[in-house]
Amino acid sequence: LAISIGGTDFVGHGFGPESWEARDALVRVDAMVGRFLASLAERTEIAVVLTADHGVAPLPERAAEHALPSSARRWSSAAELPLLRAHLDRTLGPRTDTPEGQGWVAAWVVPWIYLPEPVTGDPTARARAVDAIRSYLLARPGIGFVVDRLEAPSLRDSEDENLRLLERAIDPEASGDVYVLPSEGSIADDTADATGTGHGSPFLYDRDVPVLVRGPGVSHGVVRAPVAPSRVAATLAHLLGVEAPHAAEPLLTGE
């Protein structure tokens with residue numbers, strides 16, 4: 001039985017992970033899950049694996065409390081797009097071959113910038129646009145990564161772990177044209193009232209989540225080293241008595 005608990009995600013996005021609202025929601029969910037598992041345990045032997053699909057960034061306004069850069073900012077593509085278009089018109093010259101109002105950029109929906117077809121169809125124009133976008137945005141507060149989709153394969157061997165992780169999130173054929181992500185501690189939020197937080201960056205606070213395992217054959221212990229998701233899958237397979245989908249060791253004892 002697989003259960004997804006979405007309430008904590010909704011509250012955490014809206015109020016931040018350290019808010020009273022988030023803590024209240026977590027206390028209530030903890031009690032609810034406890035009652036549910038207790039009722040199951042009365043009927044049969046059970047095993048439980050509890051984890052999360054992502055972490056979360058603290059509110060940028062509290063970044064300093066987490067030793068994150070004081071330059072952390074909150075921004076939205078809706079507010080940045082007109083500024084970007086105006087900059088490109090000034091530096092590259094206005095375009096008359098794209099729909100009115102687009103200029104060099106057709107759309108920007110976090111995390112992707114989309115270039116209009118006349119630009120993408122001209123390799124020279126595309127390269128000029130991407131270079132201008134990159135230099136401008138990297139100088140903007142709160143923006144940390146600006147990656148050309150076509151350059152993604154070259155990131156695979158980068159010495160920067162963050163860039164290697166970004167490469168895995170880019171489809172060289174299906175993704176947008178330019179991948180833009182916040183700097184460490186910053187938040188890109190295009191919702192109506194941008195007051196909460198989000199996730200989706202390569203930073204540790206977005207990808208470091210706990211895994212709790214309890215069940216027959218699982219001894220008490222703590223694994224402090226990073227654990228690949230394939231080991232969680234192997235653990236589930238072991239508890240179910242089926243063949244593991246990956247050649248990975250299950251999490252059954254402390255290491």
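Tabulated results
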{"item": "Out of Glu184, Glu159, sole residue that is out of contact with any Phe, Trp or Tyr (no Cβ under 6 Å at 6 or more places or on another chain), outside any helix (DSSP H, G or I) and of a type in the set (D, E, K, R)", "result": "Glu159"}
{"item": "Some residue of region 85-98 being without any contact (Cβ under 8 Å) to a residue 12 or more places away in the chain, in contact with a helix residue (DSSP H, G or I) (Cβ under 6 Å, 6 or more places away or on another chain) and open to solvent by 30 Å² or more (accessible area, probe 1.4 Å)", "result": "no"}
{"item": "Options Glu21, Glu80: the member that is in contact with a strand residue (DSSP E or B) (Cβ under 8 Å, 6 or more places away or on another chain) and either of a type outside the set (S, T, N, Q) or more than 23 Å from Arg214 (Cβ to Cβ) (or both)", "result": "Glu80"}
{"item": "One residue from Val227, Val180, Val242, Val222 being farther than 30 Å from Asp131 by Cβ and surrounded by 14 or more Cβ atoms within 10 Å (Cβ to Cβ)", "result": "Val227"}
{"item": "Residues of region 37-61 classified as open to solvent by less than 80 Å² (accessible area, probe 1.4 Å) and part of a helix (DSSP H, G or I), total", "result": "6"}
{"item": "Single residue of Val147, Val213 found to be of a type in the set (A, V, I, L, M), outside any helix (DSSP H, G or I) and either at pLDDT below 90 or touching an Asp or Glu at 6+ places or on another chain (Cβ under 9 Å) (or both)", "result": "Val147"}
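The values are calculated or read from the model by the stated rules, or taken from the named source; none is laboratory data. As the structure is a prediction and not an experimental result, all values here were calculated from the model. Counting neighbours? That spans all protein chains shown, and the Cβs are built from the backbone with ideal geometry, glycine included. These accessible areas exclude ligands, DNA and RNA; they are computed on the full protein's heavy atoms, side chains included. Shrake-Rupley method; radii C 1.70, N 1.55, O 1.52, S 1.80 Å.
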